[in-house]
Structure formats: C-alpha cells, structure tokens
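The values are calculated or read from the model by the stated rules, or taken from the named source; none is laboratory data. Just so it is clear, the structure is predicted and the values come from calculations on it, not from any experiment. Virtual Cβ from ideal backbone geometry, glycine too; neighbours counted across all protein chains shown. Protein only, heavy atoms only, side chains kept; ligands, DNA and RNA dropped before computing areas. Shrake-Rupley method; radii C 1.70, N 1.55, O 1.52, S 1.80 Å.
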Amino acid sequence: MVKLPDFKTYNLAAAEAQVQRALSAKDPNLKSSWDTKRITVSDCKIIETRSSAQACEMGWSFYATTAFIDLKHHRAAINLTAAHLREGGTVVSMVRLTPIGAWRDTAQRFDAEEKELLSAERIRRGGGSQTAVNVSDALMSDRSIDDFKSYDRADYCVGGSGISTSRGVFGVQSDVLKNAATAF
C-alpha cells in the first residue's frame, strides 16, 4: 500500500512532472504507427495526443486521437495483475482512472446518452466513421467540451471528430511505476 503524501507540504509541480515522465517513458522495443505522441500534465490534467500523417492513406478511419483526464475528478488505481511483458522485456502496468463525485454521475449520463444516440444512428446509416461523427455532433449539440472532466476524441479521415467520455487507461512501464504511483 502506498502512503499518501502530507498535503500541507505536497509539491504538486513535482508530482505532475513525475506523472508526465511515467506516461511519456519511451519503450525502445515498442513500434508505433503514430508519427507523434505528446503527453502534457499540468494543473492536475493529463492530455495525450497522437497523430499520423499517413493514417488515412494506410486505411485507418482516423488520423489523430486525444485523451483528456482531469485528475481532480478521478481516482487512480494501478492494476499490477494486468501487468504484461512486452516484446524486448519491458513490463507495463495499467493505470485506470475512474470518475468520482459528481463527474461519475455525469459521465454515466453522457455514456448512456451516447449509447442511445449510437444505436439510433446505426439503425439509420449503419456503422463507420461518419456515424461516430454524427453521434458526437448530436451529443455535443447542447454542451461544451468544458462540460467533460475526461474525454477521448478521434479526428476522422472523413472529416469531423468523435467525442466520448474517456476510458481512462494509461500504460506505465515498471521501471517508473513506483514513482508514478506516489505521484498519482
């Protein structure tokens, strides 16, 4: 069990830097199709962006993703039983961020509304990227992205974006896991 820090003397900037280092750790053995991957941690918020200039030409349905998590509205749990060995010997554990407080209830409402919209849109037009864009447009019709304390966004090759509440899962390499656990 990790001892919680004394919040009177807690250094938020140092903790944020530790989380950023843990999430940004490069696995030299992991090949990626993303041209860029960027993680920023600031004001208790994590923003991870990935993009690929050739994604659409390679047949992907989207060319960029963004994951946003406001840590003030989530609880972190590190699942050591889900740790897995990647090719080349790097052990990665999963950090799951689950909604808490009022955001938990709001996220559940957003998820339920998104599922209902998705079901209706699939009946109308089937699946695919345009369906995801249409559902997102309907979901966002009367709200702002600032209403979300976490979200995943995909930028689609057909044009437009899809927004949904975040799954809140990040991989952390074992060599930085202890420091990341304390920082989270």
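A few remarks follow.
- Summarising the amide proton neighbourhood of residue 35: residues at separation of 5 or more, or on other chains, whose placed amide H is nearer than 5 Å comprise 51, 52, 53.
- Summary of packing: across the peptides 95-107, 135-147, the per-residue average of other C-beta atoms within 10 Å ranks them, highest first, as 95-107, 135-147.
- The stretch 33-74 - convex hull of alpha carbons, volume per residue in Å³: 61
- Carbon/sulfur fraction of accessible area - the stretch 102-166, other protein chains in place, 1.4 Å, %: 45
- Cβ-placed point charges (K, R +1; D, E -1), dipole of the stretch 102-166 about Cα centre in debye, nearest 20: 180
- The eigenvalues of the Cα gyration tensor, multiplied by 5 and square-rooted, give the stretch 102-166 an equivalent ellipsoid with semi-axes of 20, 14, 9 Å from largest to smallest.
- Local net charge near residue 119, Cβ-Cβ under 15 Å (Lys/Arg +1, Asp/Glu -1): -1
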